[in-house]
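The values are calculated or read from the model by the stated rules, or taken from the named source; none is laboratory data. What you are looking at is a predicted structure, and each value in this text was computed from that prediction instead of being measured. Don't worry about glycine lacking a Cβ; one is built from the backbone with ideal geometry, like all the others, and counts go over all protein chains shown. Accessible surface areas use protein heavy atoms only, side chains included; no ligands, DNA or RNA. Shrake-Rupley method; radii C 1.70, N 1.55, O 1.52, S 1.80 Å.
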Amino acid sequence: MKSKPVLGLTMGDPAGIGPEICLRALSERSVLKNCVPVLFGDAGVIARVAGKGSLPRTVETISLADWKKLKRPKQPLIVDCAAVDAKAVQPGKISAACGRAGYQYIEQAITSALAGQIDGVVTAPIHKESLNLSGVKFPGHTEIFTALTKAKRSCMMLYSDKLTVSMATTHIGYHEVPKKLSVERVQNVIELTAQTLRQLLQREPRIGVCGLNPHAGEHGLFGNLEEEKFVAPAVKRARSKKINATGPLVPDAVFTNGQRKHFDAIVTLYHDQGHIPFKMLAFDTGVNVTLGLPIIRTSVDHGTAFDIAWQGKADPTSLYSAIQVATDLAIGREKSKKRKARA
């Protein structure tokens, strides 16, 4: 990639900490050194947040109409989506208007990425209750991106230098998990994880795969043979495709210091099986990556933090990490294209 990647940041819920951390990113040296950030948000909200938190605001703002005429920006920009009445936004409050605005920022960023204006999307947090109140029935970012990009398969991966986990299921109740598992689903997550880590690590990754039940089922003693029905066959299929996969593994043991170091990523079967150990080890630096999309998407691994919204207290470290991972993926994807072209 001759020039720096251009990354679209979505402001998240206007009433949360998203506007603040995005504003910090637009002037952060470590960010600007590696990419060109473009923020999809509301200029009025940004102005209010900058005034409250004594934050810098020296980035050029353009209208959404002008943005659509621009091919590729060479400097940081704020794209004013004019999605919400900035004067009516109350920091830290659940609001249908803010839920709808957060969704519109995502829509615009995805459209820009699919059109090639930007090389990837980095999302600040949305509030699921506000999103639902607005009439948008997606449970989260992963499902929004999967639907709007028409991805045939996708999954969530949480990435850090301490632990990386992928999930076969995410935002569903525990009683629904066994019904959602299949050999194909577990295999897809293994394959998507391996594919993404090849770009990030520039080598063949080692993938561990958890069982569903305590002690990985003890050969049917616990559960309904989910390990034998879904996990073991998926691992076998992945290995037949030259993926270095191992499993089913005992879930409570694989995350210990001694065992997790044997793997570059661990595939988990439900939300908290991966999220709990990940957040204990990498809460401040973790990055949420949606795998299987035709575009790059990364995100912070925290929520809207309504309790400290617009107070200048929010830590932008996770956002900076998400931007760095998106940058690395954009560069890795470009290298992969060049290798395939030469082959």
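Let's see how each residue does on (1) among the hydroxyl-bearing types (Ser, Thr, Tyr); (2) within 26 Å of Pro214 (Cα to Cα):
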{"position": "Lys229", "(1), (2)": "no, yes"}
{"position": "Ser240", "(1), (2)": "yes, no"}
{"position": "Ala253", "(1), (2)": "no, yes"}
{"position": "Asp264", "(1), (2)": "no, yes"}
{"position": "Thr285", "(1), (2)": "yes, no"}
{"position": "Ile295", "(1), (2)": "no, no"}
{"position": "Thr298", "(1), (2)": "yes, no"}
{"position": "Thr304", "(1), (2)": "yes, no"}
{"position": "Arg333", "(1), (2)": "no, no"}
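Only a single item in (1) closer than 29 Å to Ser95 by Cα; (2) touching a strand residue (DSSP E or B) at 6+ places or on another chain (Cβ under 6 Å) is not met by Val49, and it is number (2). Going through the stretch 207-222 one residue at a time, which ones are open to solvent by less than 40 Å² (accessible area, probe 1.4 Å) and farther than 18 Å from Leu197 by Cβ? The answer is Gly211, Leu212, Asn213, Ala216, Gly217, Gly220. Collect the residues in the stretch 16-37 that are among the β-branched types (Val, Ile, Thr) and either closer than 15 Å to Gln104 by Cα or in contact with a Cys (Cβ under 7 Å, 6 or more places away or on another chain) (or both), keeping them in residue-number order. Once the filter is applied, which keeps residues that are among the β-branched types (Val, Ile, Thr) and either closer than 15 Å to Gln104 by Cα or in contact with a Cys (Cβ under 7 Å, 6 or more places away or on another chain) (or both), the stretch 16-37 yields nothing. Mind checking whether some residue in the stretch 78-93 is of a type outside the set (Lys, Arg), modelled with pLDDT under 95 and in a helix (DSSP H, G or I)? No. Consider the stretch 291-320 and keep the residues that are hydroxyl-bearing (Ser, Thr, Tyr) and modelled with pLDDT of 95 or more. The one that is nearest to Leu197 (Cα to Cα) is Thr298. Contact map, the stretch 284-302: first residue closer than 11 Å to Leu319 by Cβ and open to solvent by less than 10 Å² (accessible area, probe 1.4 Å), second residue part of a loop (DSSP other than H, G, I, E, B) and aliphatic (A, V, I, L, M), Cβ cut-off under 7 Å, separation 6 or more or different chains; pairs are Val300/Ala124. Criterion first (surrounded by 22 or more Cβ atoms within 10 Å (Cβ to Cβ), hydrophobic (A, V, I, L, M, F, W, C) and over 17 Å from Cys155 (Cα atoms)) does Leu281 satisfy it? For Leu281, the condition - surrounded by 22 or more Cβ atoms within 10 Å (Cβ to Cβ), hydrophobic (A, V, I, L, M, F, W, C) and over 17 Å from Cys155 (Cα atoms) - is not met.
Residues satisfying the criterion are present in the stretch 330-338 (criterion: touching a strand residue (DSSP E or B) at 6+ places or on another chain (Cβ under 7 Å) and surrounded by 18 or more Cβ atoms within 10 Å (Cβ to Cβ)).
Could you tell me whether any residue of the stretch 314-327 is under 19 Å from Val189 (Cα atoms), in contact with a helix residue (DSSP H, G or I) (Cβ under 7 Å, 6 or more places away or on another chain) and open to solvent by 10 Å² or more (accessible area, probe 1.4 Å)? Checked against the condition, which is being under 19 Å from Val189 (Cα atoms), in contact with a helix residue (DSSP H, G or I) (Cβ under 7 Å, 6 or more places away or on another chain) and open to solvent by 10 Å² or more (accessible area, probe 1.4 Å), the stretch 314-327 yields no hits at all. Using the structure shown, decide if Lys242 is under 23 Å from Gly292 (Cα atoms), part of a loop (DSSP other than H, G, I, E, B) and open to solvent by 40 Å² or more (accessible area, probe 1.4 Å). Here the answer is yes, as Lys242 does meet what is asked.
Within the stretch 313-332, residues that are touching a residue at least 12 places away in the same chain (Cβ under 8 Å) reach partners that are open to solvent by 30 Å² or more (accessible area, probe 1.4 Å) and among the aromatic types (Phe, Trp, Tyr) with beta carbons closer than 8 Å, at six or more positions or on different chains, in the pairs Val325/Tyr159. Taken over the stretch 97-122, the residue count meeting the criterion of being of a type outside the set (A, V, I, L, M), in contact with a Pro (Cβ under 6 Å, 6 or more places away or on another chain) and assigned to a helix (DSSP H, G or I) is 1.
For (1) over 21 Å from the mean Cα position of the chain (by Cα); (2) at positive phi; (3) without any contact (Cβ under 8 Å) to a residue 60 or more places away in the chain, each residue gets a yes or a no:
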site: Tyr159; (1), (2), (3): no, no, no
site: Lys179; (1), (2), (3): yes, no, yes
site: Leu197; (1), (2), (3): no, no, no
site: Pro214; (1), (2), (3): yes, no, yes
site: Glu218; (1), (2), (3): yes, yes, yes
site: Glu226; (1), (2), (3): yes, no, yes
site: Ala232; (1), (2), (3): yes, no, yes
site: Val235; (1), (2), (3): yes, no, yes
site: Thr246; (1), (2), (3): yes, no, yes
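Condition first: open to solvent by less than 10 Å² (accessible area, probe 1.4 Å), in contact with a strand residue (DSSP E or B) (Cβ under 9 Å, 6 or more places away or on another chain) and in a helix (DSSP H, G or I). Now tell me which residues in the stretch 161-204 satisfy that. Scanning the stretch 161-204 gives Val186, Val189, Ile190, Leu192, Thr193, Ala194, Leu197. Within the stretch 113-140, being open to solvent by 70 Å² or more (accessible area, probe 1.4 Å) and within 26 Å of Trp67 (Cα to Cα) holds for Leu114, Ala115.
Residue count for the stretch 14-65, restricted to those that are more than 19 Å from Ser112 (Cα to Cα) and part of a loop (DSSP other than H, G, I, E, B): 14.
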